[in-house]
1. In segment 12-44, what count of residues is obtained for those that are under 38 Å from the mean Cα position of the chain (by Cα), in a helix (DSSP H, G or I) and surrounded by 10 or more Cβ atoms within 10 Å (Cβ to Cβ)?
2. Examine segment 17-32 for a residue that is more than 30 Å from Ser126 (Cβ to Cβ) and touching a Lys or Arg at 6+ places or on another chain (Cβ under 7 Å), and state whether such a residue exists.
3. Specify the residue that is modelled with the lowest pLDDT; the eligible residues are those in segment 1-59 that are over 30 Å from Val75 (Cα atoms) and β-branched (Val, Ile, Thr).
4. Do you know which of the residues in segment 165-189 that are acidic (Asp, Glu) and not in a loop (DSSP other than H, G, I, E, B) is farthest from Gly105 (Cα to Cα)?
5. Six or more apart or on different chains, Cβ under 8 Å: which pairs go from a residue in segment 51-78 that's in a loop (DSSP other than H, G, I, E, B) to one that's surrounded by 14 or more Cβ atoms within 10 Å (Cβ to Cβ) and at pLDDT below 75? Could you list them?
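The values are calculated or read from the model by the stated rules, or taken from the named source; none is laboratory data. From a predicted model like this one, the values you see are computed outputs, not experimental measurements. Please note: Cβ atoms are built from the backbone with ideal geometry, for glycine as well, and neighbour counts cover all protein chains shown.
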Amino acid sequence: KSLLMQRIPTKAPAEVMPPPESHKELAPTETALLERWIEQGAVYEDHWSFIAPKRPPVPAMADGKSGDNAVDAFVESKLKEHHLSLSRPEEPRALVRRLSLDPTGLLPDPAKVEAFAANPTDTAYSALVDKFLASPAAAEHRGRYWLDYVRYSDTNGLHFDNYRSIWPYRDYVIRSFAENKPFDQFVREQL
């Protein structure tokens with residue numbers, strides 16, 4: 001018999017479910033529901049957090065290729081499942097614009113746009129990604145989210161703002177993002 005069904009009807013305070021300190025009791029209909037569930041072969045599984053993750057097999061892509069990486073194959077598989085298809089590749093100028101806006105929050109320099117549009121190769125794309133990610137603007141943009149989270153402000157927010165010399169913290173955050181400091185270290189340094 002199920003351990004659960006042994007503990008629900010018992011009157012022993014150390015074993016009864018729900019425990020007495022919860023100040024809750026199961027209604028007879030709830031107990032009957034649990035009994036039916038168990039009789040029907042209720043499957044008990046460990047909580048998902050105790051189950052070691054298993055790497056799923058990478059789905060085959062429609063064109064028989066493996067894609068640039070496994071993510072492409074999983075995305076294509078899920079799209080196919082929902083009767084959708086991949087978007088067409090982006091026009092080079094729009095791609096550079098998106099590529100700049102995401103890490104830096106700024107529009108790209110027109111010269112960079114034209115240079116990439118003239119030579120939209122994978123190598124040029126990778127170089128552009130590296131350049132945008134390494135830029136000070138990228139650290140400022142990413143750091144801004146952290147500063148928002150910790151409610152950073154250069155002012156007191158009042159009409160008679162007093163001087164606040166909190167800018168070194170802002171610079172520390174931006175510098176940490178620019179250095180790609182490990183997150184656990186970044187947090188520990190602030191505790």
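1. Count: 5.
2. Within segment 17-32, one or more residues are more than 30 Å from Ser126 (Cβ to Cβ) and touching a Lys or Arg at 6+ places or on another chain (Cβ under 7 Å).
3. For segment 1-59, the residue satisfying everything is Val43.
4. Step by step, filter segment 165-189, then rank; the result is Glu189.
5. Met61/Gly67
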